[in-house]
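Here's the structure we're looking at; comments come further down.
Read-outs throughout are calculated quantities, based only on the coordinates presented, and are distinct from any laboratory measurement. This is a predicted model, so every value here is computed, not measured. All Cβ positions, glycine included, derive from the backbone under ideal geometry; neighbour counts span all protein chains shown.
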Amino acid sequence: MSTVIPDVNGISVGILGGTGDQGKGLARRFALAGNPVLIGSRDAGRAREAAQAIGGPVSGADNATVAAEADVVIVAIPWEGHRATLESLRAELAGKIVVDCVNPLGFDKQGAYALPVEEGSAAQQAAAVLPDSRVVAAFHHVSAVLLLDPEVAEVELDVLVLGDDREATDLVQALAGRIAGVRGVYGGRLRNAHQVEALTANLISINRRYKAHAGFRVTDV
Ligand SMILES: NC(=O)c1ccc[n+]([C@@H]2O[C@H](COP(=O)([O-])OP(=O)(O)OC[C@H]3O[C@@H](n4cnc5c(N)ncnc54)[C@H](OP(=O)(O)O)[C@@H]3O)[C@@H](O)[C@H]2O)c1
């Protein structure tokens with residue numbers, strides 16, 4: 001299948017909750033690829049500190065400023081804060097591609113397990129809360145540890161990209177491909193995001209059993 005890969009050179013990437021490991025890891029990799037990154041936080045000072053620690057074309061601001069200013073916005077906050085944070089940023093995120101990587105998981109003595117979500121998945125909750133945004137689901141299975149590790153030149157995995165807006169999923173696939181070693185692969189409509197989010201619980205089990213930072217590859221594509 002031949003597709004035209006969108007040019008994502010130079011588009012700015014905002015990250016809500018970008019002070020956490022997942023946000024900092026993604027910020028580091030996009031900055032290495034030359035994309036300007038805006039780290040968001042509930043506290044602008046904390047965001048600026050995180051941005052400074054990463055270096056490169058990375059700046060920090062409060063989540064609302066980042067949501068308003070970035071070209072594409074990644075949601076990298078814990079599931080507990082998901083709905084309330086997005087509800088508070090509805091106006092800033094209107095018209096934008098919003099990339100949800102949130103995995104609604106619980107943890108007990110047996111390890112990680114998928115939590116039930118009223119809307120079906122975190123990504124579908126985002127779409128319900130943000131009717132004027134173009135919600136895409138991606139980056140659920142990347143390891144923040146590998147993203148942050150300066151010894152890891154290439155992060156070997158495929159990123160499944162899901163959504164109902166083909167132009168938006170194409171762009172996010174291209175964005176995933178900015179991370180060395182990563183390939184973005186279309187993974188279906190948003191209604192199929194639940195099992196991709198839930199699969200992270202299996203990945204965590206794999207990581208614990210094999211003491212690894214495992215990822216998935218899609219074959220024959
Ligand atoms: N860690 C991974 O390897 C990984 C991989 C794939 C996907 N994910 C997903 O990415 C998301 C972030 O993961 P993480 O490990 O980076 O999480 P985290 O460190 O626990 O949280 C990220 C940031 O979110 C903000 N935050 C915390 N509680 C919040 C709340 N109630 N409301 C709004 N903001 C809040 C905090 O930033 P401020 O205090 O600065 O606002 C925090 O630094 C999760 O949903 C996770 O499922 C993680």
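For region 112-221, run through the trypsin sites (Lys or Arg not before Pro) and keep only the ones in DSSP coil with at most 10 other Cβ atoms within 10 Å of their Cβ. The partial results should precede the final answer.
Working: sites: R134, R166, R178, R183, R189, R191, R208, R209, K211, R217; in loops: R178, R189, K211, R217.
Qualifying residues, ordered by number: K211, R217.
What's the center-to-center distance, using Cα atoms, between region 27-71 and region 116-136 in Å?
A separation of 24 Å, based on Cα centres.
Once you put a point 7 Å from the Cα of V218 and another 7 Å from the Cα of E119, both along the Cβ direction, what distance in nm separates them?
Here the answer is 2.3 nm between the modelled labels.
Can you check how the C-alpha radius of gyration of region 170-221 compares to 2.2 N^0.38 Å, as a plain ratio?
Expressed relative to 2.2 N^0.38 Å, the Cα Rg reads 1.29.
Could you point to the residue in A123, S133, L89 farthest towards the positive end of region 1-160's charge dipole, with +1 and -1 charges on the Cβ of Lys/Arg and Asp/Glu respectively?
Going by the charge dipole, the pick is L89.
Enumerate the lysines that K24 could reach by cross-link, defined here as Cα to Cα under 26 Å, with residues fewer than 8 away along the same chain left out.
K96, K211
So what is Rg over Rh here for region 92-221, counting just Cα atoms and using Kirkwood for Rh?
Result: Rg/Rh = 0.97.
Looking at the calculated P(r) for the chain, what percent of the C-alpha pair distances fall above 26 Å?
Numbers: 7084 of 24310 pairs.
Summing the P(r) of the chain above 26 Å gives 29 percent of all pairs.
Stretched out fully, how many nm does the piece from K109 to D21 gain, at 0.36 nm a residue minus the Cα gap? Write out the running numbers ahead of the final one.
Values: separation 88, 0.36 × 88 = 31.68 nm, distance 2.34 nm.
Roughly 29.3 nm would be gained on extension.
Search the structure for amide H atoms under 5 Å from the amide H of I74, placed 1.01 Å from N in the peptide plane, and list their residues when 5 or more places away or on another chain.
Answer set, sorted by chain and number: G14, I15, L16, V99.
Skipping prolines and chain starts, which residues have an amide H placed within reach, meaning under 5 Å, of the one on G60, given they are 5 or more residues away or on another chain?
Sorted by chain and number, the residues that satisfy this are I39.
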